[in-house]
Amino acid sequence: MTHYDIYSIRNDFPILKSMVNGKPLVYLDNGASTQKPQLVIDAINHYYSSQNSNVHRGVHYLSQIATDAYEVTRRKLKAFINSKEEHEIILTKGTTDSINLVASSFGNAFINEGDEILISAMEHHSNIVPWQILCESKKANLKVIPINDAGELDMDAYSKLLNERVKIVSITYVSNTLGTINPIKDIIRLAHDQNIPVLVDAAQTIQHIPIDVQALDVDFLAFSGHKMYGPTGVGVLYGKEKWLNAMPPYQGGGDMIKDVSFEKTTYNDLPFKFEAGTPNIEAGVALAFAIDYINSIGLDKIAQYEHELLCYATDELLDINGLRIIGTAKEKSSVISFVIGDIHPYDIGVILDKLGIAVRTGHHCTQPLMARYGIPGTVRASIGLYNTKEDIDTLVKGVKKAVAMLS
Ligand code: PMP
């Protein structure tokens, strides 16, 4: 079923050769963070060995080199998500930072008392809490699109929730807990029919599914470098130029200004208006290499391979007595969450760890979603481009062993 040479791919990731508790590492926690290929690790080393300097400031050689390397990433991101303009790509700390930027800045400009912000029942805390903070300060109301038991959005309810009070829809493309792929094109179209902009949380999508922001006509897109085989500490906010120009700065400081006096400050042009202070330069530089890496395999191929692995894992896990998958949507990507009887997910996670298997257990920063299902948490296995059928077999064996020990 391999659509690319998985064993040569695995060789690109040095950490995958690790032993954990005396067993070969099986890394199935890619939803939390992905491992890094050697070329990304080398890029960070190279940056500090021969490029290190501050960006966008100095006239000197190293500053130019660092700035050029940093700006290469913006260009590659533009191509990767097909934004119309390079300055529509704002480099942030990550998805959380990107969503907070929009909640704060868009919220400041466009949200008033009595307005509504629409999210869904499957959002990550980072796409809930920033809006709650905004609602509290502006006396606005947060509304939630419900889901069915399979973990699919209730699109009828969504249509009914759209009205003239709604000023923004902020929603995940892929659920980090359920794996559900939301019908994002329809979601955007329905909102746009009523002139409502849409922010899409692509933290769990950008590494699995090709995204074309112009084809989607999405207004804002947020994602993190560390979940797409790049470094931590860098992420992206894509925003349509018309919105970014209409929004006030998020943070004040160096780099985001044109002129400062004690009487008045004028702000820099996009994208710098939203990039105050020294960024995480080495992470920004290295992210370009993660993009190159993904492109060298091809997201279409990655998506197809991961889908087959997901189907295989689903079938194998369902063979385990009493195992219930949380999230059985028709369209799913790369995530399997499950519970087994009344065994606590944490206990399963601890036994899997002893066997060298890395999964995540708990609420996955989606407590309201856990409440919707009436469970404290799940065991979550999340797939990356380097996982194999053997990884899944080891997981299934490990879960069976855990069940035998805990029952
Ligand atoms: N949204 C989703 C759907 C996520 O899965 C995550 C990370 N688990 C985030 C937002 C937050 O990403 P980060 O912690 O990289 O800012």
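FYI, it's all coordinate maths here, none of it is from the lab. This is a predicted model, so every value here is computed, not measured. Positions of Cβ are backbone-derived with ideal geometry, glycine not excepted, and every protein chain shown enters the neighbour counts.
For Asp315, neighbours were defined as the other residues whose beta-carbon sits under 14 Å from its Cβ, and their charges (Lys and Arg +1, Asp and Glu -1) total -2.
Excluding same-chain neighbours fewer than eight residues apart, the aspartates and glutamates reachable from Lys143 by a Cα-Cα span under 13 Å are Asp115, Glu116, Glu123. Taking every full run of DSSP H in the chain, the ones that stretch at least 24 Å from end to end by Cα along their long axis and average -0.5 or higher on the Kyte-Doolittle scale are 61-81, 281-297, 299-318, 389-406.
Once R0 is set to 60 Å, what does the formula 1/(1 + (r/R0)^6) return for the Cβ-Cβ distance between Asn11 and Thr266, expressed as a FRET efficiency to the nearest 0.05? Once the sixth-power term is evaluated, E becomes 0.70.
Stretching Ala150 away from Lys389 to a fully extended chain increases their span by 83.5 nm, per 0.36 nm per residue minus the current alpha-carbon distance. Put simply, the amide H of Ile326, placed in the peptide plane, has neighbours under 5 Å in Ser337, Phe338, Val339, leaving out anything fewer than 5 places away on its chain.
Other residues whose C-beta falls under 15 angstrom from the C-beta of Leu162 contribute a net charge of -3, scoring Lys and Arg +1 and Asp and Glu -1. For the chain, adding -39500 (n - 2.57) for each run of n ≥ 4 DSSP H residues and dividing by the number of residues yields -12000 deg cm²/dmol at 222 nm.
Is the shape of region 120-243 rounded, prolate or oblate, going by the alpha carbon gyration tensor and its root eigenvalues a ≥ b ≥ c, with a/c under 1.5 for rounded and a/b larger than b/c for prolate? Because its axes are fairly even, with a/c under 1.5, region 120-243 counts as rounded.
Taking 20 Å as the straight-line reach from the Cα of Lys84, the lysines in range (excluding those fewer than 8 positions away in the same chain) are Lys76, Lys185, Lys240, Lys242, Lys273. Shape call for region 1-126 from the C-alpha gyration tensor, a ≥ b ≥ c root eigenvalues: rounded (a/c under 1.5), prolate (a/b greater than b/c) or oblate? Oblate is the answer for region 1-126, as a/c is 1.5 or above yet b/c matches or exceeds a/b.
DSSP beta bridges fully contained in the chain are about 60 percent antiparallel. For region 42-295, the convex hull spanned by the alpha carbon atoms encloses 121 Å³ per residue. So which of Lys301/Lys330; Lys78/Lys264; Lys227/Lys397 end up more than 22 Å apart, counting from Cα to Cα? The pairs that break the limit, which is 22 Å between Cα atoms, are Lys78/Lys264; Lys227/Lys397.
Residue separation of Ser50 and Asp212 scaled by 0.36 nm, minus their Cα-Cα distance, works out to 54.9 nm of gained length.
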